[in-house]
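Trainee: Please read through the structure below; I'll follow up with questions.
The values are calculated or read from the model by the stated rules, or taken from the named source; none is laboratory data. Predicted model, so just to flag it, every value in this text is computed and none were measured. Quick reminder, even Gly has a Cβ in these numbers, built from the backbone with ideal geometry, and neighbours come from all protein chains shown. These area figures cover heavy atoms from the full protein model, side chains too; ligands, DNA and RNA do not enter into them. Shrake-Rupley method; radii C 1.70, N 1.55, O 1.52, S 1.80 Å.
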Amino acid sequence: MSHLETPSYSITDATVQVTPFNMTGSPENEAIKVIGRDMKALVRKIQDLRHIGIEDNKIALPKICVIGDQSTGKSSLIEGMSEIKVPRSAGTCTRCPMEINLSESEPGQPWACQIFLSRKYMYDGSRKFKVTRKSQPLGPWIVQDQEDEHFVTLSDRNQVQEAIKWAQIAILNPGQPSREYIPGENTGTSTHCQVKFSPNVVRLDISAPEFPNLSFYDLPGVISQAELDDEKYLISLIENLVREYISHPNCIILLTLPMTDDATNSSAARIMRNVRGAPQRTLGVLTKPDRIQSGESYSQWVQILEGDKFKLGYGYYVVRNNPDPGVEHSKAREEELNFFASAPWSNDELLLYKDRFGTYCLQSALSYLLLEQIQGCLPRIIEQIDAKAARINEELEQLPDPPAANVLYILCKLLHDLGDRIRANFDGGTSDYPLLKIWGHIAQDFRSALLKTRPTVSLLSPCDRTSFPVQLDGDSDCEMTSAPQPMKRKSPSIPPDEQTPKPKHFGYCTNHFEKFVDPIRTFTWESIREINEDSCRAGIPDQADPKALETLRKLSVQHWDGPMLVFLKATHHLVKEMLLKQLREVFSQYHQTTLYRELKRIIEKYLGELQDTHTQYALENYNIECHKPFTMATTQLENAAKSALQFLTARRHLARANSYLELQGKFSEGDPRWETELKKLTVNELGPDKFTQEVKMMASTRGYYEVASSRFVDSTCQGIHTKLFSKCREELVAVIEKELGISEENGMSLERCQELMAPDPERQRRRQYLLKEHKKVTQAQQWLSTVKKEDEEYPFTFPVAFKSPTPEKHLHGVQLDIG
């Protein structure tokens, strides 16, 4: 289709009939009236939702945003659509967003305008910026809860311009009371502004009979230069502000482009095109058509109107406003009609686009688009508001009001529930209360740690190599010592064997005893002999002195305090975590109260005192074990010592035999004859063992270690039951009641309960905020339920004159990509 052909699915006739200069009774005009009625109700609902502050990062209401560079005719466009005058003098251009809500009032009602100051951002003057940051796109402005403050109500439209000026000055002075700037009450007030730009909004609610039902934002003009170097951040601040508004998918963008400049020079257009999906939601408005130089070609504008260049989803409109702001609105609109009715706009080349010329056509198009946008996204908005209501209700359940009555009963009941849970944990017997099961695993690890750290002994002594009865192959002692070693020597200490019980696997993992996995000390036969000789008294020589055995046993158990203290610490930590978990669950609604903090303090203090007492008791028990080795379990000791002696004797013989064969040097490593020769060697070949007595002493020490360690584990675990578990089970709740001071005997139980259960200030602020949000969403749900009900009872469809005959949506001959 050439750019001179008229699109076949335009709704030109319906659009033209919107203007007051052609209000006939045609079917298309009746369709416009139907849209007007629905438009009035829906636009008002959206305005109401926005004004109660229902929008957040998940809920974006439909809106129209007017953007453009400075001096592109944006202010004139706003005046033309809203029939008001906005400040234009130097220093009073748009320096904050302006929300303009137009609505039709009942016939006979006077024109009225209410101005509000809508503050969603707080100014932090302590933040110094040269450029904005990604984390702070609006520089020193910080998001806060939206506050709408009524500024002034007007009944004379001639007062609007001055009122907007002072409303902007109030917004630009965040540190001053707004009442100082109200017209009529601002005598002597300075026009100085604390900041150059603000993201906070001046809101105008304007109503009058036969007014279009529209709602739009006039955003500050995009600038490319700052007056001062310190204000360069304002360039990106304004761009970020524009980007934030137009990024919402429910936003219809109105882009103003002056016909006196090349469209490629527009910074606002650049920002818009860099936002994903924004071009498809944009309607271009070409301004200042009366300032095109005489004789200049209109071909580029025809290409733009046709969509061949700089294509936008909703196409382009052209408006002409009188440059003199003193001209009345009705006269300006009449001049605009006459302007587009004259050459060159009435010539054949441009006449095809007459349905896109003029402010009234633009108002009609915007009303249609806004209604369509509202209807399209309304179901999703209802879902989002319902979801927000559910989130608020869920959080409010965790932040209930403190009980006004029966506080003592409520607190006592909660403490009773806490006591029941504590007893259930210490009683065990169910997977819901796994304390004893977990503690049993830790106790098993404690027992294993004692067995793993049991002292060991080096099986061979250096002198064993010279103690054999025959000098092999005539070698000297030195030569025998340096004889070839065909086999890799085994560890001189006792290897793992059946004497060391293997830890059982319970399907759990604990790292409490990682430092206790190796024998705590390794004796030598010489060191055992020396201990025996040091302890020897007058008597039969070469006998194990009881004093020496006692010394060996003491040395064997000296390290028990390490694993024991780790065991106690792990146990007390386990109990503490269990108690605090039960506290959190039982008192889940009171986490931010003095009561909860006091309960946590009392439990931690009580456990700390128990741990000190318990640890002292356990250390006394440990000192007893170290001070005087003793047992009445003689049979068990004899059996353990006998078993240990058999084991050590066998291992000692094997070690000596290996050493003997190594010194011979007859067999190489891996030779199968090695094992055969080992089995043949007896005491006759090896000679008598010079350390027979020391082997017996080490066996007796190992036997005692097995008996004493088992007793020590039992007594330590019994201490835990009596000094910790039983005390917590039976005493803790009574200690809590006493420490809280709620017992009846003090006569202050009710007052004390009320004091304890009073909400934390931060918790109360959060609750108050949620209640305010709850009120908003409840109100929004009520409003939207009426819309939904009306839609179900009287389903609205666009009149035939407004329907496109194809799936694509077209508006005034320009294809619309709304999806």
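Trainee: Where only protein heavy atoms count, and the probe is 1.4 Å, what is the accessible area per residue for segment 510-592 in Å²?
Mentor: Computed with neighbouring chains in place, this is 54 Å² per residue.
Trainee: Pairs to check: 63/311; 232/288; 605/723; 569/600. Give those whose C-alpha atoms are more than 27 Å from each other in this structure.
Mentor: Correct reply: 232/288.
Trainee: If you don't mind, another one. With the full set of protein chains in place, find how many percent of the accessible area of segment 569-632 is carbon and sulfur; take the probe as 1.4 Å. Don't skip to the end; give the middle numbers.
Mentor: Details: 1750 of 3330 Å².
On segment 569-632, the fraction of accessible area on carbon and sulfur atoms equals 53 percent.
Trainee: Suppose R0 equals 45 Å. What FRET efficiency, 1/(1 + (r/R0)^6) with r the Cβ-Cβ distance, do residue 225 and residue 772 give to the nearest 0.05?
Mentor: Numbers: r = 42 Å, r/R0 = 0.94.
Step by step, r from the Cβ atoms, then E = 0.60.
Trainee: Ignoring ligands, DNA and RNA, what percent of the accessible area of segment 170-316 is carbon or sulfur (1.4 Å)?
Mentor: In segment 170-316, the share of accessible area belonging to carbon and sulfur is 43 percent.
Trainee: Once you have a ≥ b ≥ c as the square roots of the Cα gyration tensor eigenvalues for segment 195-295, tell me rounded if a/c is under 1.5, and otherwise prolate or oblate according to whether a/b is larger than b/c.
Mentor: Rounded is the answer for segment 195-295, as its axis ratio a/c remains below 1.5.
Trainee: What is the calculated FRET efficiency for residue 762 to residue 142, with r their C-beta to C-beta distance and R₀ = 22 Å, to the nearest 0.05?
Mentor: 0.75
Trainee: Taking θ as phi - 60°, what are the ³J(HN,Hα) couplings along segment 417-434 by the Karplus curve (6.51, -1.76, 1.60), each to the nearest whole Hz, with x for Gly and Pro?
Mentor: Along segment 417-434, the couplings run 5, 4, x, 4, 5, 4, 4, 5, 5, 6, 7, x, x, 8, 5, 6, 10, x Hz.
Trainee: Which shape class applies to segment 591-711: rounded if a/c is under 1.5, otherwise prolate when a/b exceeds b/c and oblate if not, where a ≥ b ≥ c are the square roots of the Cα gyration tensor eigenvalues? Intermediate results must be reported in sequence, preceding the final value.
Mentor: Numbers: a/c = 5.24, a/b = 2.56, b/c = 2.04.
It comes out prolate by the Cα gyration axes.
Trainee: Starting from 0.36 nm per residue, how many nanometres of slack lie between residue 196 and residue 291 once their C-alpha separation is accounted for? Please report the intermediate quantities before stating the final value.
Mentor: Working: separation 95, 0.36 × 95 = 34.20 nm, distance 3.07 nm.
My answer for the length gained is 31.1 nm.
Trainee: Quick check: at a probe of 1.4 Å, how many percent of the accessible area of segment 377-460 sits on carbon and sulfur atoms?
Mentor: 52 percent
Trainee: Ok, one more. Using the heavy atoms of the protein chains alone and a 1.4 angstrom probe, what is the accessible area of segment 164-313 per residue in square angstrom? Mind dumping the intermediate values first?
Mentor: Details: 6180 Å² over 150 residues.
With all protein chains present, segment 164-313 gives 41 Å² per residue.
Trainee: Same structure again: Residues of segment 601-742: accessible area per residue at 1.4 Å, in Å²?
Mentor: 50 Å²
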